[in-house]
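The values are calculated or read from the model by the stated rules, or taken from the named source; none is laboratory data. Since we're looking at a predicted model, the values are computed, not measured. Cβ coordinates were reconstructed from backbone atoms using ideal geometry, including for glycine residues, and neighbour counts include every protein chain displayed.
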Amino acid sequence: MRFRFCGDADCPDWLLQEIQILSRLSSVRMRLLCRHVLKTIYGEGTSHDKISMLTKGRHLHFSLSDVKAIVAALHFILSSGAKYEVAPGDFSQELQQLGLPKDICRSIVKSYSTNLVKLREHFEKTTLQLPGVTNVEWRVDYILSSNHLDTVNAPAIRMNLELSGTNSSSPKSQGFEMTADKFRIFLNDLKSAQSIMNEIS
């Protein structure tokens, strides 16, 4: 069976195995757990003690691996629902088809629907983004000879790209050198890429 929150694919086997564990929780505990899982998705961090308190009770006996499975399952359910923009009504039906009780589905979907916009914004910000080029510096050196060869007599193009949007671990600029033939190929490829981009936009 295919599910929209799984990208119109089958539900992962590991998630099906965790449904029985999720079903043992009350709707109130589920809503509070969803709140903590959403905090971890946003990168705000949460207290593991609070999560373990929510999974303990007179009739609840979860192991540490069960608690981790609950958090992983809720993380997958909430983030995948937002990723594929599943409507709350459809989402509730799909969760019930997996075997979750209606009241628990209602708690998950309520947390999901109130946080859907924030989840989408968070995923847009944290999606892989490549750095942009802010400035290009270039120069042509005519090399007469080098320590590797006696005579070269060929131009070499040296380029330096200043980049924006890089994280602190990657360089702010990137320099490289190429022969005149490689530069012609490089320039031709850039022109082809630009024409394709112009056609798309």
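The residues on offer are ASP141, ASP103, ASP90, and the sole one that is among the acidic types (Asp, Glu) and touching a strand residue (DSSP E or B) at 6+ places or on another chain (Cβ under 6 Å) is ASP141. How about segment 101-149: which of its residues are among the aromatic types (Phe, Trp, Tyr) and within 29 Å of LYS182 (Cα to Cα)? TRP138, TYR142 - these are the residues of segment 101-149 that are among the aromatic types (Phe, Trp, Tyr) and within 29 Å of LYS182 (Cα to Cα). Restricting attention to segment 176-201, which residues are of a type in the set (Ser, Thr, Tyr) and modelled with pLDDT of 90 or more? If the condition is that a residue be of a type in the set (Ser, Thr, Tyr) and modelled with pLDDT of 90 or more, then SER192, SER195 are the ones that fit. Taking the conditions (1) within 24 Å of GLU94 (Cα to Cα); (2) in contact with a Phe, Trp or Tyr (Cβ under 8 Å, 6 or more places away or on another chain); (3) surrounded by fewer than 18 Cβ atoms within 10 Å (Cβ to Cβ) in turn, ARG35 satisfies each one other than (2).
Here PRO88, PRO101 are screened, and the one residue that is surrounded by 13 or more Cβ atoms within 10 Å (Cβ to Cβ) and either closer than 27 Å to LEU187 by Cβ or more than 25 Å from the chain's Cα centre (by Cα) (or both) is PRO101. Of all the criteria given as (1) within 15 Å of SER113 (Cα to Cα); (2) touching a residue at least 24 places away in the same chain (Cβ under 8 Å), the one not satisfied by ALA87 is (2). Checking each residue in segment 114-145 for being among the polar types (S, T, N, Q), under 20 Å from the mean Cα position of the chain (by Cα) and under 25 Å from LEU15 (Cβ atoms) picks out ASN115, THR126, THR127. Each residue in segment 2-41 was checked for being touching a strand residue (DSSP E or B) at 6+ places or on another chain (Cβ under 7 Å) and not charged (D, E, K, R), and 2 pass. Annotation note: of LEU74, LEU78, LEU25, the sole residue that is of a type in the set (A, V, I, L, M), in the same structural domain as LYS118 (by TED's automatic domain parsing) and not in a helix (DSSP H, G or I) is LEU25. Of the residues GLU121, GLU85, GLU94, the single one that is in the same structural domain as ILE21 (by TED's automatic domain parsing) and assigned to a loop (DSSP other than H, G, I, E, B) is GLU85.
When segment 18-74 is filtered for residues that are of a type in the set (Lys, Arg) and under 24 Å from VAL117 (Cβ atoms), the ones remaining, listed by number, are ARG31, ARG35, LYS39. Residues of segment 2-16 that are more than 10 Å from LEU98 (Cα to Cα) and more than 21 Å from the chain's Cα centre (by Cα): ARG2, ASP13. Out of all the residues in segment 44-53, is one or more modelled with pLDDT under 95, in a helix (DSSP H, G or I), touching a His at 6+ places or on another chain (Cβ under 7 Å) and assigned by TED's automatic domain parsing to the domain that holds THR114? Looking for residues that are modelled with pLDDT under 95, in a helix (DSSP H, G or I), touching a His at 6+ places or on another chain (Cβ under 7 Å) and assigned by TED's automatic domain parsing to the domain that holds THR114, one finds at least one in segment 44-53, hence yes.
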